[in-house]
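The values are calculated or read from the model by the stated rules, or taken from the named source; none is laboratory data. It should be emphasised that the depicted structure is a prediction, and the values quoted were computed from it without experimental measurement. In this analysis, Cβ positions are derived from the backbone assuming ideal geometry, glycine residues included, and neighbour counts consider all displayed protein chains. Only protein heavy atoms, including side chains, enter the accessible area calculation; ligands, DNA and RNA are left aside. Shrake-Rupley method; radii C 1.70, N 1.55, O 1.52, S 1.80 Å.
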Amino acid sequence: MPVGKDGWFEASAPIQVEGGLRARSKRGSIGEQWWSRRFIDILENVCDPGRLSRGRAYARKGQVLEIGLSPGSVRAEVQGSRPDPYEVTITIPAFGDADWTRVERELSTRALYRAKLLAGEMPPEIVEVFDALGLPLFPADLDMDCTCPDWGHPCKHLSAVLYLLAESFDDDPFLILAWRARPRETLLTALRPPTKTAP
């Protein structure tokens, strides 16, 4: 059996769980929409393929117990080979109100982008708006931590959470913006034209 960095012997097979979060994808790549694929491409370009493969297996087996997303942070629990689940944390810089005011002002000047966002769509060109403002929508680096004894980074527990996060972006692209500290309704309220009052 492999030895962890703290000297403990670890079983190779994780403890099976009931009711875990499972990836919809059963084989191949994870992530269907352009925004989730952009996120996955970043991971697959910088992370060890073997660990990512084991992470996909964990995601598909339902080893992730829960995921919570808040501005700048994702926290999750993943069941590994030990009785207690491992705690996973993934953080990125959250944009401040002044940054978001700049983004909203720029998006408001682009009628097509604004219309698509108000219709619940995420136009690919929105990335260029963020980049031009020096506020990259997709992080080039992720600050990641897991309580497991695995030497590698990211470990399979982190990788599983990242893949499930990508699938959640498939379901709701506005979660990417919420991770950068702008809830969907707050952004859309700022983009809606002001209502005209009757004379």
Quiz item: Somewhere in the stretch 154-164, is a residue among the aromatic types (F, W, Y) and either in contact with a helix residue (DSSP H, G or I) (Cβ under 9 Å, 6 or more places away or on another chain) or closer than 14 Å to G120 by Cβ (or both)?
Solution: yes
Quiz item: Quick check, is L117 under 18 Å from R180 (Cβ atoms) and out of contact with any Leu (no Cβ under 9 Å at 6 or more places or on another chain)?
Solution: no
Exercise. Would you mind stating whether T109 is among the β-branched types (V, I, T) and open to solvent by 60 Å² or more (accessible area, probe 1.4 Å)?
Key: yes
Quiz prompt | Extreme residue, farthest from I40 (Cα to Cα), among residues of the stretch 159-180 that are open to solvent by less than 20 Å² (accessible area, probe 1.4 Å) and in contact with a strand residue (DSSP E or B) (Cβ under 8 Å, 6 or more places away or on another chain) | solution = W179
Quiz prompt | Verdict on P183 being touching a residue at least 24 places away in the same chain (Cβ under 8 Å) and surrounded by fewer than 16 Cβ atoms within 10 Å (Cβ to Cβ) | solution = no
Self-check item: Selection within the stretch 118-134 - surrounded by 14 or more Cβ atoms within 10 Å (Cβ to Cβ) and either in contact with a Phe, Trp or Tyr (Cβ under 6 Å, 6 or more places away or on another chain) or β-branched (V, I, T) (or both)
Solution: M122, P123, I126, V127, V129
Quiz item: Considering only residues of the stretch 107-123 that are hydrophobic (A, V, I, L, M, F, W, C) and in a helix (DSSP H, G or I), which is nearest to the chain's Cα centre (by Cα)?
Solution: L117
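Of all residues in the stretch 58-91, how many are over 18 Å from W179 (Cβ atoms) and either of a type in the set (F, W, Y) or surrounded by 16 or more Cβ atoms within 10 Å (Cβ to Cβ) (or both)?
The number of residues fulfilling the criteria is 14.
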